[in-house]
Amino acid sequence: THWAIARILGGQPTPVPQTWPDTSKVDEIRLKVPGLLPRVVVIWVVQVDGVLYVVGGGSSGWVQRIGDGAEVEMRLSDNTYALDAEPVTQNLELLFNAYKDKYRPNYPDIVAGFPTLAEAGDQFGVFRLVAR
């Protein structure tokens, strides 16, 4: 089973770098989240002050699986990294704005449909991706 899951995620296992490469031109990453049967999702990623963040709807299966934090694996380009996904509750406005600014040029309709932070309430999960 582990071989099949590694194949789904793909990529070359790689040590987490001290500094992430510029991800401003990277639209999507693959994120393997835990569970009885681990799941790989394709999601957007944003980098703020050198740290990578992912955001998802609170009712999304992958967000629920990470919950209060979990070990995940991320594929970025051809590399796969073992990381911890840590919930974020501070500076959400900054992170939301970074997401909107990054994705608005290529996905204007999707970004236009994003709720404001006040409207979103607790209907989303924001996670920081850090070295284990």
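The values are calculated or read from the model by the stated rules, or taken from the named source; none is laboratory data. Here the structure is a predicted model, which is why all the values come from computation and not from measurement. No Cβ is skipped: glycine too gets one built from the backbone with ideal geometry, and neighbour counts run over all protein chains shown. All accessible areas refer to the heavy atoms of the entire protein, side chains included, with ligands and DNA or RNA removed. Shrake-Rupley method; radii C 1.70, N 1.55, O 1.52, S 1.80 Å.
Hey, can you grab everything whose amide H is under 5 Å from the amide H of THR80? Only 5+ residues off in sequence or another chain; H modelled, so Pro and N-termini drop out.
Under 5 Å from the amide H of THR80 lie the amide H atoms of GLN12, THR14, each far enough along the sequence or on another chain.
Through the Karplus equation 6.51 cos²θ - 1.76 cosθ + 1.60, θ set to phi - 60°, convert the phi angles of segment 69-83 into ³J(HN,Hα) values in whole Hz; use x for Gly and Pro.
x, 6, 7, 9, 10, 10, 9, 10, 6, 9, 10, 10, 10, 8, 9
Could you give each residue of segment 89-106 its phi-based ³J(HN,Hα) in whole Hz, using Karplus coefficients 6.51, -1.76, 1.60 with θ = phi - 60°, and x for Gly or Pro?
Once θ is set to phi - 60°, the couplings for segment 89-106 become 10, 10, 6, 5, 4, 4, 5, 4, 5, 5, 4, 4, 5, 5, 9, 4, x, 9 Hz.
In nm, give the distance between the simple-model label positions of ASP68 and PHE114, each being 7 Å from the Cα along the Cα-to-Cβ direction.
2.9
Given a 1.4 angstrom probe, I'd like the percentage of the accessible area of segment 88-132 that is carbon and sulfur, rounded to a whole number.
Numbers: 1460 of 2830 Å².
The C+S portion of the solvent-accessible surface of segment 88-132 is 52 percent.
As a check on your grasp of the helix formula, calculate [θ] at 222 nm for the chain: sum -39500 (n - 2.57) over DSSP H runs of n ≥ 4, divide by the residue count, round to the nearest 500.
It comes out at -6500 deg cm²/dmol, rounded to the nearest 500.
Over segment 32-132, calculate the relative contact order: mean separation of alpha carbon pairs under 8 Å at least 6 apart, over the residue count, as a percent. Please report the intermediate quantities before stating the final value.
Details: 145 pairs, mean separation 36.1, N = 101.
Reported as a whole number, the value is 36 percent.
For VAL42 and VAL130, calculate 0.36 nm times their separation in residues minus their Cα-Cα distance, and state this gained length in nm to one decimal.
Working: separation 88, 0.36 × 88 = 31.68 nm, distance 1.81 nm.
Extra length available between VAL42 and VAL130 comes to 29.9 nm.
Please enumerate, by chain and number, the aspartates and glutamates with C-alpha under 17 Å from the C-alpha of LYS25, excluding those fewer than 8 residues away in the same chain.
Answer for LYS25, where 17 Å is the Cα cut-off: ASP49, ASP78, ASP101, listed by chain and number.
Checking the a/c ratio against 1.5 first, then a/b against b/c, what shape does the Cα gyration tensor give for the chain? Intermediate results must be reported in sequence, preceding the final value.
Values: a/c = 1.69, a/b = 1.39, b/c = 1.22.
In terms of gyration-tensor shape, prolate.
Modelling each spin label as a point 7 Å along the Cα-to-Cβ direction, I'd like the ASN106/VAL88 distance in nm, to one decimal.
Modelled inter-label distance: 1.9 nm.
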